[in-house]
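K.L.:
After the structure tokens below, expect a handful of questions from me.
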Amino acid sequence: MAQSVREMQNKLTEDLICNTFLGLLKEKQFNRISVADICRTANISRGTFYVHYRDINDLIDYINSWYIDAITPMICRVYEEPHSSENNLDILKDIMDILSSWPEYAITILGHEKGQGVIERVTELVLTKYIESLKARGDTVDMNDAMYRFSYSFYGGWGVFRQWCRNGLSDTPEQLMKYMRKIM
């Protein structure tokens, strides 16, 4: 079904607000950006901002959803069919490529406390897919052992991602993959 003109205008306005916010992150620290800054830079009224978002935290939640939507197919790919750990690392590299193309988001949001909601959502998604894949195998699985393995690999991976974000994405995804291959 085709979008109405109003729906397209709303989407364009939301994109403008998000991109303006991300652009401001290049110039200012997160806690120094106000709704007024976003509105002035985007040349919109405060009312327009508030039609789309309750506050800056709501805007960040929306932006986090962009990221989740971008990486969800990659995460699902890991669990849809058997992969070697090398193939899974390639999928992680795809995720890092997304982050490196969006440095303001990665450094400011994922590298700090604002990324906690994303981490929780990704954890839930990955854990669900992991458990589904274990059940689909049909053999007896020690769930306690499986959960420890999951925790070790998943949270270790997130730790590497967050450290990379805190370091300002100073390493390329290829360099980061070299580090991760050494660990695995």
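The values are calculated or read from the model by the stated rules, or taken from the named source; none is laboratory data. Since we're looking at a predicted model, the values are computed, not measured. Cβ placement follows ideal geometry from the backbone for every residue including glycine, while neighbour counts extend to all protein chains displayed. These accessible areas exclude ligands, DNA and RNA; they are computed on the full protein's heavy atoms, side chains included. Shrake-Rupley method; radii C 1.70, N 1.55, O 1.52, S 1.80 Å.
K.L.:
Between a first residue in the range 52-66 that is free of Cβ contacts under 8 Å to residues at least 40 places away in the same chain and a second residue that is surrounded by 16 or more Cβ atoms within 10 Å (Cβ to Cβ), which pairs have beta carbons less than 8 Å apart while being 6 or more apart in sequence or on different chains?
P.N.:
53/17; 53/59; 55/35; 56/21; 56/33; 56/35; 56/38
K.L.:
Can you tell which of 18, 76 is open to solvent by less than 20 Å² (accessible area, probe 1.4 Å), in contact (Cβ under 8 Å) with a residue 24 or more places away in the chain and in a helix (DSSP H, G or I)?
P.N.:
Exactly one of 18, 76 is open to solvent by less than 20 Å² (accessible area, probe 1.4 Å), in contact (Cβ under 8 Å) with a residue 24 or more places away in the chain and in a helix (DSSP H, G or I), namely 18.
K.L.:
For the range 14-62, name all the residues that are among the hydroxyl-bearing types (Ser, Thr, Tyr) and in contact with a Leu (Cβ under 9 Å, 6 or more places away or on another chain).
P.N.:
If the condition is that a residue be among the hydroxyl-bearing types (Ser, Thr, Tyr) and in contact with a Leu (Cβ under 9 Å, 6 or more places away or on another chain), then 41, 53 are the ones that fit.
K.L.:
Just checking, which of 136, 42, 106 is at pLDDT 75 or above and surrounded by fewer than 14 Cβ atoms within 10 Å (Cβ to Cβ)?
P.N.:
Step by step, each of 136, 42, 106 is checked, and only 136 is at pLDDT 75 or above and surrounded by fewer than 14 Cβ atoms within 10 Å (Cβ to Cβ).
K.L.:
Criterion first (at pLDDT below 80, open to solvent by less than 70 Å² (accessible area, probe 1.4 Å) and part of a helix (DSSP H, G or I)) does residue 91 satisfy it?
P.N.:
yes
K.L.:
Return only the number of the condition from (1) closer than 16 Å to residue 109 by Cβ; (2) crowded, with 16+ Cβ neighbours inside 10 Å that residue 23 does not satisfy.
P.N.:
Only one criterion is unmet by residue 23, namely (2).
K.L.:
Please enumerate the residues belonging to the range 159-169 that are open to solvent by less than 80 Å² (accessible area, probe 1.4 Å) and charged (D, E, K, R).
P.N.:
Within the range 159-169, just 162 meets the criteria.
K.L.:
Which of (1) assigned to a helix (DSSP H, G or I); (2) at pLDDT below 90 is the odd one out, the single condition residue 12 does not satisfy?
P.N.:
(2)
K.L.:
Within the range 149-158, which residues are of a type outside the set (Lys, Arg), closer than 14 Å to residue 131 by Cβ and open to solvent by 40 Å² or more (accessible area, probe 1.4 Å)?
P.N.:
Passing the criteria: only 151.
K.L.:
If I ask for residues that are farther than 21 Å from residue 99 by Cβ and touching a Ser or Thr at 6+ places or on another chain (Cβ under 8 Å), which ones from the range 127-165 would you list?
P.N.:
Within the range 127-165, no residue meets the criteria.
K.L.:
Looking at 54, 77, can you tell me which residue is farther than 17 Å from residue 103 by Cα and modelled with pLDDT under 85?
P.N.:
Only one candidate passes the filter, namely 77.
K.L.:
Do we have any residue at all in the range 134-155 that's in contact (Cβ under 8 Å) with a residue 40 or more places away in the chain and closer than 19 Å to residue 78 by Cα?
P.N.:
No, the range 134-155 has no match at all.
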